[in-house]
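Chemist: Once you've had a glance at the structure underneath, I'll fire off some questions.
Any read-out appearing in this document is the output of simple, stated calculations on the displayed coordinates, not a laboratory observation. Quantities reported herein were computed from a predicted structural model and do not represent experimental measurements. Neighbour counts are summed over all protein chains in view; Cβ atoms, including those assigned to glycine, are modelled from backbone coordinates with ideal geometry.
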């Protein structure tokens, strides 16, 4: 491997970690959805989605299931471009088939490369695993920054939040990860809710995201509901909020009565297993305990009118 390794990141969370470690100059290729930090947009795009972006959530769900049923990947990798970039390291994942190219797919695509290319698959299930991923990328890439100091600062921010709400009541929280069909968040998100001073309903830390029935949400009657579908920003999510406002039981939910229903930018702060999950915990704390932490900024989260 070269002294200054050439890196391709096929997951946006890894792209963020690369920049966190001061390795932005080493990044030669990125996934289509690696849009943070802004400098990453200048890098060559290696992957593309196999599904049109203008579909609604139900159409996307059906298209994804159809591709998986056919044994076809949800993403394409440009092998010719990959060969031209000659990366020493490719960062990918195997946690979710519908989130990014999988390790198996990347391994097949990398056969066009000459020499030894290290393929690193990141498999986080918790916030602690995300911190370990930071160390893992730093070790394999030869980063010169003080990685321990970076991680300790992130942990310190989490400690500040946890300390402030330590003696407060923990409101119940439901986070909607997909709109139609209905899914609730799993993996590290329930842990984030706990760190922010809430109590997640319908899933526990480490659980996979799962489909639920609307009446499961109604029966838990959470204090807070957050709409944060994977891959959607706040404005995109607003287009499909009608799916819920006219459902049976909506107006009787505690969260609706108390105006504690929010949109949140999931891609930036919840679903990408990178350093901005700490920002996500801070935003969740402002949603769950606004009297203590203040209200979130409009680009972080917005109340459902």
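Chemist: Expected output is a single nm value to one decimal: the length gained when fully extending between residue 157 and residue 44, i.e. 0.36 nm times separation in residues minus the C-alpha distance. What is it?
Modeler: Full extension of this stretch gives 37.4 nm more.
Chemist: Using only the alpha-carbon atoms of the range 1-87, report the extent along each of the three principal axes, biggest first, to the nearest angstrom.
Modeler: Sorted largest first, the three principal extents are 45, 25, 16 Å.
Chemist: When P(r) over Cα pairs in 20 Å bins from 0, in percent is calculated directly from the model, which label among [x] 34, 61, 5; [y] 31, 60, 8; [z] 33, 56, 11, 0 fits?
Modeler: [z]
Chemist: Then there's this: At a threshold of 8 angstrom on Cα-Cα distance, excluding pairs fewer than six apart, so keeping six or more, what relative contact order does the range 169-303 reach in percent?
Modeler: Values: 244 pairs, mean separation 33.9, N = 135.
Once divided by the residue count of the range 169-303, the mean separation gives 25 percent.
Chemist: Fewest first, what order do 161, 281, 18 take by the number of other Cβ atoms within 10 Å?
Modeler: Result, fewest neighbours first: 161, 281, 18.
Chemist: Follow-up. From Cα pairs below 8 angstrom and at least 6 apart in sequence, can you work out the relative contact order of the chain, rounded to a whole percent?
Modeler: Reported relative contact order: 15 percent.
Chemist: Could you work out how far helix 147-164 tilts from the main Cα principal axis of the chain, as a 0 to 90 degree angle to the nearest 10?
Modeler: With both axes taken from Cα atoms, the answer is about 0 degrees.
Chemist: If you don't mind, there's one more thing I want to ask. Which ordering of 242, 36 is given by a fewest-first count of other beta-carbon atoms within 10 Å?
Modeler: Fewest-to-most Cβ neighbours within 10 Å comes out as 242, 36.
Chemist: Continuing with the same structure: Angle check, please: helix 277-288 long axis (alpha carbons) against the longest principal axis of the chain (alpha carbons), in degrees 0 to 90, nearest 10.
Modeler: The answer is roughly 10 degrees.
Chemist: As an exercise, find the ratio Rg/Rh for the range 149-195 from alpha-carbon atoms, using the Kirkwood inverse-distance average for Rh.
Modeler: Dividing the radius of gyration by the Kirkwood radius yields 1.10.
Chemist: Any chance you could list the semi-axes, whole Å, largest first, of the equivalent ellipsoid that the Cα gyration tensor gives for the range 169-303, using √(5λ)?
Modeler: 19, 16, 15
Chemist: Give me 258, 155 ranked fewest to most by other Cβ atoms within 10 Å of their Cβ, as a rough exposure proxy.
Modeler: Neighbour counts put them in this order, fewest first: 258, 155.
Chemist: Take every Cα-Cα distance within the range 231-293, group them into 5 Å bins from 0 onward, and report for each bin the whole-number percent of pairs it holds.
Modeler: Once binned at 5 Å, the Cα pair distances of the range 231-293 give 4, 16, 19, 22, 20, 14, 5, 1.
Chemist: What does the extension gain come out to for residue 297 and residue 59, with contour length at 0.36 nm per residue minus their alpha carbon separation? Before the final figure, lay out each step's value.
Modeler: Details: separation 238, 0.36 × 238 = 85.68 nm, distance 3.11 nm.
Residue separation times 0.36 nm, minus the Cα-Cα distance, leaves 82.6 nm.
Chemist: At what distance in nm do the modelled label points of residue 167 and residue 146 sit from each other, each positioned 7 Å from its Cα along Cα→Cβ?
Modeler: 3.4 nm
Chemist: Further question: For a quick check, take a GNM of the chain with Cα springs below 10 Å and name the residue from 219, 73, 34 with the largest mean-square fluctuation.
Modeler: Taking springs between Cα atoms under 10 Å, the residue moving most is 219.
Chemist: Going highest first, how would you order 267-277, 171-181, 141-151, 226-236 by mean Cβ packing within 10 Å?
Modeler: The most tightly packed comes first, giving 267-277, 171-181, 226-236, 141-151.
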